[in-house]
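Chemist: Just dropping this structure here.
The values are calculated or read from the model by the stated rules, or taken from the named source; none is laboratory data. What you see is a predicted model; the values in this text were computed from it and never measured. Cβ atoms come from the backbone with ideal geometry, glycine included; neighbour counts cover every protein chain shown. The accessibility values were calculated without ligands, DNA or RNA, using every heavy atom of the protein model including side chains. Shrake-Rupley method; radii C 1.70, N 1.55, O 1.52, S 1.80 Å.
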Amino acid sequence: LKTAVALHIPNQLSVRYGMQWSEEDTANIQAAAGISDGLMKALANKGSVNKQVTVGAEAAASIALDKVPNAGAISAKLGIASNPKKEQTFKGVDFRKFTFEYQFFPRDAREAQNVLNIIHEFKLHMHPEFKDTNNFIYVYPSEFDISYFANGKENPNLHRHTSCVLTDININYTPNGVYSTFPNGMPTQINLTLNFRELALLTKDKIKDGL
């Protein structure tokens, strides 16, 4: 595709980096490991047998306080509770999402046509097309490559993007709450909101490349 759209950088420009972490209870795994380790050492007569028995007993008690029927009542009666030994486990990386907001104020017919052309290109390339006349299979929508420029060159002081898809567009023909047009019917103001999502997940190597 050879289509290109040049727009000013929006007044609100930000980027979010997100990781996915989750709390996991590891008490049962650690308790099972403690019971097994204590039993094996006790049978091999290594170290203090009494110490290994104590470790195994506490591990078994931890499992019991968490799993047996009426565990909550037993815990309250004894005044002790199982430590879930929560740990944070890494799940993955969030796809970066970002929003561009624009306000168009065409002053004449030429500028109005340019606004319509810009909106048309975004609408056209965010949508798929059918592979053939049977209409069973879609061909993927276009991908977008976004770059920030300053003085005719790519701006190295801002983040860079991987290829993106345009997930949704919001076109507001009455941003001031009043429908107002030129004599030819062209709205005097159009607000455009574009929501993009990147296709690639970021890792350290991509961050080093300036993303």
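Residues are listed down the side, and each one gets a yes or a no for (1) under 27 Å from Glu111 (Cα atoms); (2) of a type in the set (A, V, I, L, M); (3) open to solvent by 30 Å² or more (accessible area, probe 1.4 Å):
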| site | (1), (2), (3) |
| --- | --- |
| Ala150 | yes, yes, yes |
| Arg160 | no, no, yes |
| Ser163 | no, no, yes |
| Tyr173 | yes, no, yes |
| Tyr179 | yes, no, yes |
| Asn184 | yes, no, yes |
| Ile190 | yes, yes, no |
| Leu201 | no, yes, yes |
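Chemist: For the condition open to solvent by 90 Å² or more (accessible area, probe 1.4 Å) and among the acidic types (Asp, Glu), what is the one hit in Glu111, Glu143?
Modeler: Going through Glu111, Glu143 in turn, just one is open to solvent by 90 Å² or more (accessible area, probe 1.4 Å) and among the acidic types (Asp, Glu): Glu143.
Chemist: Run Phe105 past the list (1) touching a residue at least 40 places away in the same chain (Cβ under 8 Å); (2) open to solvent by 70 Å² or more (accessible area, probe 1.4 Å); (3) under 31 Å from the mean Cα position of the chain (by Cα); (4) within 30 Å of Asn176 (Cα to Cα) and report the number of the one that doesn't hold.
Modeler: Here Phe105 clears every test but (3).
Chemist: Among the residues of the range 125-148, write down those that are under 15 Å from Phe196 (Cα atoms) and either among the aliphatic types (A, V, I, L, M) or assigned to a helix (DSSP H, G or I) (or both).
Modeler: Those that are under 15 Å from Phe196 (Cα atoms) and either among the aliphatic types (A, V, I, L, M) or assigned to a helix (DSSP H, G or I) (or both): His125, Met126, Ile146.
Chemist: Return the residue satisfying two criteria in turn: it lies in the range 95-109 and is part of a loop (DSSP other than H, G, I, E, B) and touching a Leu at 6+ places or on another chain (Cβ under 8 Å), and of such residues it is farthest from Asn170 (Cα to Cα).
Modeler: Phe95
Chemist: If you don't mind, there's one more thing I want to ask. Exactly one of (1) in contact (Cβ under 8 Å) with a residue 40 or more places away in the chain; (2) hydroxyl-bearing (Ser, Thr, Tyr); (3) loosely packed, with under 15 Cβ neighbours inside 10 Å is unmet by Thr133. Its number?
Modeler: Thr133 satisfies all of (1) in contact (Cβ under 8 Å) with a residue 40 or more places away in the chain; (2) hydroxyl-bearing (Ser, Thr, Tyr); (3) loosely packed, with under 15 Cβ neighbours inside 10 Å except (1).
Chemist: Of the residues Ile118, Ile80, which single one is over 29 Å from the mean Cα position of the chain (by Cα), of a type in the set (Val, Ile, Thr), surrounded by 12 or more Cβ atoms within 10 Å (Cβ to Cβ) and more than 24 Å from Leu201 (Cα to Cα)?
Modeler: Unique residue meeting the criteria: Ile80.
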